[in-house]
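First the structure, in the form of C-alpha cells, and then the observations on it.
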C-alpha cells in the first residue's frame, strides 16, 4: 500500500512542470478592421438577418400604401381599434374551433365558415386533418389528435 502511494507521489512530482502562459492578443473579426477575409460571408449573412424587420416594414408599406409611423403604418385611432377588435374576434373564433376539434366533447368532423374562409376538419386514426380554404387556395395541416 505504501508503495502505491510512493509511486503516485513520485509520478505527480515528475509530471509537474513549469506553467507557461502567453500574452492575449486581440484579433478583430471584421475584415474591414484587420480580421480574416473569410469572415466576410458570415458577417454579411448576420447583417442581412438583422435587416429582415426593415424589409418586412417596407413590404407592409407597399401593401397598405403608407409610409413612416408606428411599424411603418399611419393608422388612425379608429383603424387601430378596428384592427384590435378584428384580432380579438379571430382569436375567439380560433379558440372555438380548437375546442370543437380537441376539447372535452371533441367532434369527429366538422366545418366552419366565416368571411369567405372555410375550415374543414376530420379525425383520421390518431391524427386530425384540417383543411383551410380561403377562396383561392387550400392549406392542409395534419396534427396528432392527442390522448
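The values are calculated or read from the model by the stated rules, or taken from the named source; none is laboratory data. These numbers come from a predicted model, not from an experiment. All Cβ positions, even for glycine, are placed from backbone atoms using ideal geometry, and neighbour counts span all protein chains on display.
Out of region 99-108, which residues are in contact with a strand residue (DSSP E or B) (Cβ under 7 Å, 6 or more places away or on another chain) and exposed (fewer than 13 other Cβ atoms within 10 Å of the Cβ)?
Correct list: 108 only.
So, of the residues in region 64-78 that are loosely packed, with under 12 Cβ neighbours inside 10 Å and at pLDDT 65 or above, which turns out to be nearest to residue 114 (Cα to Cα)?
Checking each candidate, the answer is 78.
Of the residues 9, 41, 22, only one is outside any loop (DSSP other than H, G, I, E, B) and modelled with pLDDT of 70 or more; which?
41
Pick out the one residue from 141, 128 that is part of a strand (DSSP E or B) and surrounded by 12 or more Cβ atoms within 10 Å (Cβ to Cβ).
Every option except 128 fails the conditions.
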